[in-house]
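Asker: Starting off with a structure, shown below.
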Amino acid sequence: MLLVKRIKCCIHVGVAFGLLYLLLYFLFHARIKPVERQRFKAKPFALYSCPAVNNSHAQHLNALPQQHFAYSTPWKGETEARILLVSEVDSMRYNKVLRDFISYLHVPVRMETILGFGKLSLSLVRGRFSLIVFENYHRYALLNEDAKKELHEYCRQHKVGIISFVNHPEDGKTLAQNGLKMAQQVQATDLQFDPDSVVPYVGRKGVTLPIRSPNSFMNVFYLNSTRWKPILNCLDSNKQPAALVALDNGTADGVEHIVFAHKIDHFLVKIAFWDALLYMSRGVSNYTLDHYIEIDIDDIFVGQAGSRLLEDDIDALIQSQEFLRDHIENFNYTLGFSGHFFQRGDPVENRADEVLVANAAKFYWFPHMWHHNHATEYDYTMLQALMTQNALFAENFNLPLLKSYAVSPQHLGVYPLHEPLYQAWSEVWNVKVTSTEEYPHLKPAWNRRGFIHHNISVLPRQTCGLFTHTHFFHAYPDGIKNLQRSIHGGDLFSTILLNQFTIFMTHQQNYGNDRLALYTFHNEMAFLKCWTNLRLKWVEPTVMADLYFEKFPSQKQLLYTNPCADPRHRKMLTANVTCSDNHLPNVVIVGPQKTGTTALLEFLKIHPNITSNEPVPDSFEELQFFGGSHYHLGFDWYADKFKPKREHKVVIEKTANYFDNPATPLALSTMLPEAKIIVMIDNPVERAYSWYQHVRFHNDPVALKYSMEELVSFLPGSAEYNETTRLRLRCLKPGHYAEHLDRWLDYFPPSQIIIVDSSSFKHEPLESLDKVISRLDLKPHFDYSRHMTYVEKKGFYCGIQNGKPKCLGAGKGRKYDDMHVYARIRLNSYFAPHNRALYGLLTRYKLDIPFWLTQFLHING
Ligand SMILES: Nc1ncnc2c1ncn2[C@@H]1O[C@H](COP(=O)(O)OS(=O)(=O)O)[C@@H](OP(=O)(O)O)[C@H]1O
């Protein structure tokens, strides 16, 4: 029995070992043996053929238009560089499509609705908008007499044009009165830009699109008056001429209108819309026809056996480069290599690797990290070693390098920043330029920007529909028609149309197999050449970076985001960095200065669920981060200042000069897009005087020399006026509340903005605090009256600490003489238009109106 048991036991052990052996064998072999992939043959493809050219218009084909502007003069800052998009509440997504599109002009787009017969708010002290777009012409048509008159006066005065989309059947009547007959669902053919129109700039004249599909129904206009000039023409089913887009150049009432009969879902209408925006915005966007394109091929040598380039793929790549040179001046493919993987494919691929390096001189090369390493996993020493290995590889094979350009695999370390990457890049490769699609975020694509960090220019990178994975004709996500749509007027086309600098990210794999990348780019360039006047160019990345930041100088400054709030960025953080210690503020008191910001913060902090940052001694305890002197210290410096405890539901930062700093709203909204913004609004006359006293106290020589009444009464041109200009501006400008608040509204919805009436707060803080607390969603009710008391000697409310009043320091609530009545009168009249504008703005956005403002308007009208 015992023997049988032993034998059985031995069999079990043997079987177990056998199984274990098999398991290890499969695991081991599965790991070391590359998975053979099925290779697909190169697919021959037809090139996009440009439809027949209309010979009578042939002269337009080669004549590139010069930059042109509506009302004949370029925009010179007569209005704010902001575009108003009057949108429909119930339009589903079309307003967003338009907003995203317009945003490529690189100016803020304000999306507003007008309900019923409401009015637009167009002017504060100066014009708020440089262009007005109505998503629906119907809203424009519905404006009542007064509102329309006001709109037209604004447009005439500021040379502002109106673009609108007609899509409401009732508008036929209004348009007919204006000489434009509308017809819906017409089978339009022969679309072309009008040879005599002044609007087409990007849109190429002389080419006709013969739409023959039975489903090509479009809304069109028939122009029955000389008032209207066609921009985009077509023929109806009876071969009668009609237009999809038309211009009224203001002959009737001095206001330029461009109306669209059809949405921008057709590529020619899309080009026409872009041209209409450029024409009407009078150069506000700095857009020209010179577009710079770079196509990076990452992952050279990287890839599983079966997916890599073969010899004839390399021939095809060389020919493709030649082909693209006909479309993109001086074009070169730029190849990002990882030397470690050289000759790590199958035997045919290994031969191809040899061929590629033998032909190295035909391309430009850039380092893509030795082992395709993830930069964020390594420290400086290791990165330096990895880069050196790749550099030696380049030297061995004489690769002609774009010495100053590099790309990090998977964008890691570029943004969010991994400092050792920048350091090693500079030292080993002398890198001056890189690119990423991750800054400030992958989406929305229109918001991608560049920045400069440690002398390395980071340019935005774009996607083209070919991603990290190998894509094939037969298995393209959602079908190859999807890619074709993107090429023929869809996303890929728009990327080049709207970005003046495009660096495409592609991967080696898509230049092999069925060569989907060649199909994509050849066709896209042929399509662009056919339908646009764009002048596509290739320049070295350093030149591109110079041109980019010359065009967008404000982008040089890196804008910090909160990497922990972006799921993609969370995964891209430097190894060992976690998000658990990151507690950024959810409320920011932005000022302006001398409105009681310190008192508000101190009183709010009495609440057990509210805390703030640790003080910073060298800047009046304020962090002065967004747009301020500490911004260069970066995200970690800022985040480190906040150490809330578990009970602190509200974390507040307060810096009193954020309010009127033009750089702050963008920087703040980039890092804290969800934050509530507290703006304290005091009578600007009182605020100016308090500020004047403040700088006098700090021994400002000009403030010591001149009284407030002198400061506001010197006549322009006098020596004293010039001497006091700087001080006067610093004193008065923060009180232009409407202008500054409007800028905040470009970046924050009104629902996130809390207006505090400083004057009420000063005298009745308990009531104001209750109001603020209710906006911060803190429950249950907190009884401030038990924690604060009025102190006669101080003349202000103070907190109670250990049973005793604790007032703010001597610098808050100073004693000084009342303002001279003369200065008060001067200042009242100086601020009157600003106060009226403020009232209009607060009313428009349903924000709280301070009591002092109502009183001021009551007295001053
Ligand atoms: N409770 C209480 N105690 C003291 N001071 C109070 C209080 N409430 C409002 N104020 C008013 O706050 C003014 C200073 O404003 P700020 O704190 O915003 O000034 S700063 O910009 O931060 O320097 C300060 O201006 P001055 O009176 O000119 O000193 C005060 O008028």
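The values are calculated or read from the model by the stated rules, or taken from the named source; none is laboratory data. This one's a predicted model, so the numbers in the text were calculated from it and none came from an experiment. Don't worry about glycine lacking a Cβ; one is built from the backbone with ideal geometry, like all the others, and counts go over all protein chains shown. When the accessible area is computed, the model is the full protein with side chains, heavy atoms only, and any ligands, DNA or RNA have been set aside. Shrake-Rupley method; radii C 1.70, N 1.55, O 1.52, S 1.80 Å.
Asker: Exactly one of these conditions fails for Lys263: (1) surrounded by fewer than 18 Cβ atoms within 10 Å (Cβ to Cβ); (2) in contact with a strand residue (DSSP E or B) (Cβ under 8 Å, 6 or more places away or on another chain); (3) at pLDDT 95 or above. Give me its number.
Answerer: If we test Lys263 against (1) surrounded by fewer than 18 Cβ atoms within 10 Å (Cβ to Cβ); (2) in contact with a strand residue (DSSP E or B) (Cβ under 8 Å, 6 or more places away or on another chain); (3) at pLDDT 95 or above, just (3) comes out false.
Asker: Kindly list, by first and then second residue, each pair from a residue in segment 813-830 that is among the hydroxyl-bearing types (Ser, Thr, Tyr) to a residue that is within 12 Å of the ligand (Cβ to nearest atom), limited to pairs with Cβ atoms under 6 Å and residues at least 6 apart or on different chains.
Answerer: The qualifying pairs are Tyr816/Gln693.
Results for (1) over 30 Å from Lys812 (Cα atoms); (2) within 28 Å of the chain's Cα centre (by Cα); (3) open to solvent by less than 70 Å² (accessible area, probe 1.4 Å), shown as yes or no for each residue.
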{"site": "Asn533", "(1), (2), (3)": "yes, yes, yes"}
{"site": "Leu536", "(1), (2), (3)": "yes, yes, yes"}
{"site": "Lys556", "(1), (2), (3)": "yes, yes, no"}
{"site": "Leu573", "(1), (2), (3)": "yes, yes, yes"}
{"site": "Val577", "(1), (2), (3)": "yes, yes, no"}
{"site": "Pro592", "(1), (2), (3)": "no, yes, yes"}
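Asker: Only one of these is over 31 Å from the mean Cα position of the chain (by Cα), modelled with pLDDT under 95, among the small types (Gly, Ala, Ser) and open to solvent by 10 Å² or more (accessible area, probe 1.4 Å): Ser713, Ser759, Ser768. Name it.
Answerer: Just one listed residue meets the conditions, Ser713.
Asker: On the given criteria, is Asn661 part of a loop (DSSP other than H, G, I, E, B) and within 16 Å of the ligand (Cβ to nearest atom)? First the steps, then the outcome.
Answerer: Values: part of a loop (DSSP other than H, G, I, E, B): yes; within 16 Å of the ligand (Cβ to nearest atom): yes.
So Asn661 fits the description; yes.
Asker: Can you pull out the residues in segment 761-794 that are part of a loop (DSSP other than H, G, I, E, B) and under 16 Å from Glu602 (Cβ atoms)?
Answerer: Leu776, Phe782, His787, Lys794
Every residue, every condition in (1) over 28 Å from the mean Cα position of the chain (by Cα); (2) in a helix (DSSP H, G or I); (3) away from the ligand (no atom under 16 Å from the Cβ), yes or no:
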position	(1), (2), (3)
Leu633	no, yes, yes
His648	yes, no, yes
Ile652	no, no, no
Val679	no, no, no
Trp691	yes, yes, no
Asn699	yes, no, no
Ala703	yes, yes, no
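Asker: In segment 286-321, how many residues are open to solvent by 10 Å² or more (accessible area, probe 1.4 Å) and within 23 Å of the chain's Cα centre (by Cα)?
Answerer: Of the residues in segment 286-321, 4 are open to solvent by 10 Å² or more (accessible area, probe 1.4 Å) and within 23 Å of the chain's Cα centre (by Cα).
Residue-wise test of (1) without any contact (Cβ under 8 Å) to a residue 60 or more places away in the chain; (2) over 29 Å from Arg824 (Cα atoms); (3) more than 16 Å from the ligand (Cβ to nearest atom); (4) of a type in the set (A, V, I, L, M).
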site: Arg728; (1), (2), (3), (4): yes, no, yes, no
site: Pro734; (1), (2), (3), (4): no, no, no, no
site: Phe748; (1), (2), (3), (4): no, yes, yes, no
site: Ile753; (1), (2), (3), (4): no, yes, yes, yes
site: Ser760; (1), (2), (3), (4): no, no, no, no
site: Arg775; (1), (2), (3), (4): no, yes, yes, no
site: Leu778; (1), (2), (3), (4): no, yes, yes, yes
site: Phe782; (1), (2), (3), (4): no, yes, yes, no
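Asker: Working carefully through the options Ile258, Ile271, Ile231, find the one that is in contact with a strand residue (DSSP E or B) (Cβ under 7 Å, 6 or more places away or on another chain) and over 23 Å from Cys155 (Cβ atoms).
Answerer: Ile271
Asker: If Ala475 satisfies all but one of (1) of a type in the set (A, V, I, L, M); (2) part of a helix (DSSP H, G or I); (3) farther than 24 Å from Ala545 by Cα, what's the number of the condition it fails?
Answerer: (2)
Asker: Please go through segment 510-531 and pick out each residue that is open to solvent by 20 Å² or more (accessible area, probe 1.4 Å) and within 18 Å of Asp299 (Cα to Cα).
Answerer: Listed by number, the list holds a single entry, Arg515.
Asker: Taking the options Gly161, Gly250, name whichever one is under 20 Å from Asp275 (Cα atoms) and surrounded by 22 or more Cβ atoms within 10 Å (Cβ to Cβ).
Answerer: Gly161
Asker: I'm trying to understand the selection: among the residues of segment 838-861, which are open to solvent by 70 Å² or more (accessible area, probe 1.4 Å) and among the aliphatic types (A, V, I, L, M)?
Answerer: The one that is open to solvent by 70 Å² or more (accessible area, probe 1.4 Å) and among the aliphatic types (A, V, I, L, M): Ile859.
Asker: Give me the residue from segment 478-509 that is assigned to a loop (DSSP other than H, G, I, E, B) and free of Cβ contacts under 8 Å to residues at least 60 places away in the same chain and, out of that set, most open to solvent (accessible area, probe 1.4 Å).
Answerer: Here is the first cut: in segment 478-509, the residues assigned to a loop (DSSP other than H, G, I, E, B) are 478-479, 488-490, 499-500.
Within this subset, residues satisfying the condition of being free of Cβ contacts under 8 Å to residues at least 60 places away in the same chain are 478-479.
On the way: Asp478: 141, Gly479: 30 Å².
Once the filter is applied, the top-ranked residue is Asp478.
Asker: Given (1) open to solvent by less than 50 Å² (accessible area, probe 1.4 Å); (2) within 35 Å of the chain's Cα centre (by Cα); (3) modelled with pLDDT under 90, identify the lone condition not met by Asn167.
Answerer: (1)
Asker: Going residue by residue through segment 787-799, is there one that turns out to be buried (at least 18 other Cβ atoms within 10 Å of the Cβ) and either free of Cβ contacts under 8 Å to residues at least 12 places away in the same chain or within 22 Å of Ile859 (Cα to Cα) (or both)?
Answerer: yes
Asker: Could I ask something else about it? I'm trying to understand the selection: among the residues of segment 126-152, which are open to solvent by 20 Å² or more (accessible area, probe 1.4 Å), in a loop (DSSP other than H, G, I, E, B) and over 18 Å from Trp75 (Cα atoms)?
Answerer: Asn144
Asker: Give me the pairs, please: first residue somewhere in segment 565-587 and in contact (Cβ under 8 Å) with a residue 60 or more places away in the chain, second residue anywhere and of a type in the set (D, E, K, R), beta-carbon distance under 6 Å, and either six or more positions apart or on two chains.
Answerer: Final answer for the pair search is Ala575/Glu377; Pro585/Glu653; Val587/Lys676.
Asker: Go through (1) crowded, with 18+ Cβ neighbours inside 10 Å; (2) away from the ligand (no atom under 16 Å from the Cβ) for Glu622 and report which single condition fails.
Answerer: (2)
Asker: All but one of (1) crowded, with 23+ Cβ neighbours inside 10 Å; (2) at pLDDT 95 or above hold for Gln240, so report the exception by its number.
Answerer: So Gln240 meets the others, but not (1).
Asker: If you don't mind, another one. Please indicate, with yes or no, whether at least one residue in segment 234-251 is more than 30 Å from Glu150 (Cα to Cα), touching a Ser or Thr at 6+ places or on another chain (Cβ under 6 Å) and among the hydrophobic types (A, V, I, L, M, F, W, C).
Answerer: Checking segment 234-251: at least one residue is more than 30 Å from Glu150 (Cα to Cα), touching a Ser or Thr at 6+ places or on another chain (Cβ under 6 Å) and among the hydrophobic types (A, V, I, L, M, F, W, C).
Asker: Okay, moving on. Sort out which residues of segment 602-619 are crowded, with 21+ Cβ neighbours inside 10 Å, within 14 Å of the ligand (Cβ to nearest atom) and not hydroxyl-bearing (Ser, Thr, Tyr), and write them in order of number.
Answerer: Phe603, Leu604
Asker: Which one of these is surrounded by 16 or more Cβ atoms within 10 Å (Cβ to Cβ) and within 16 Å of the ligand (Cβ to nearest atom): Ala675, Ala656, Ala667, Ala639? Even if it seems obvious, please write down each step before you answer.
Answerer: Details: Ala675 fails: within 16 Å of the ligand (Cβ to nearest atom); Ala667 fails: within 16 Å of the ligand (Cβ to nearest atom); Ala639 fails: within 16 Å of the ligand (Cβ to nearest atom).
That would be Ala656, the only listed residue that is surrounded by 16 or more Cβ atoms within 10 Å (Cβ to Cβ) and within 16 Å of the ligand (Cβ to nearest atom).
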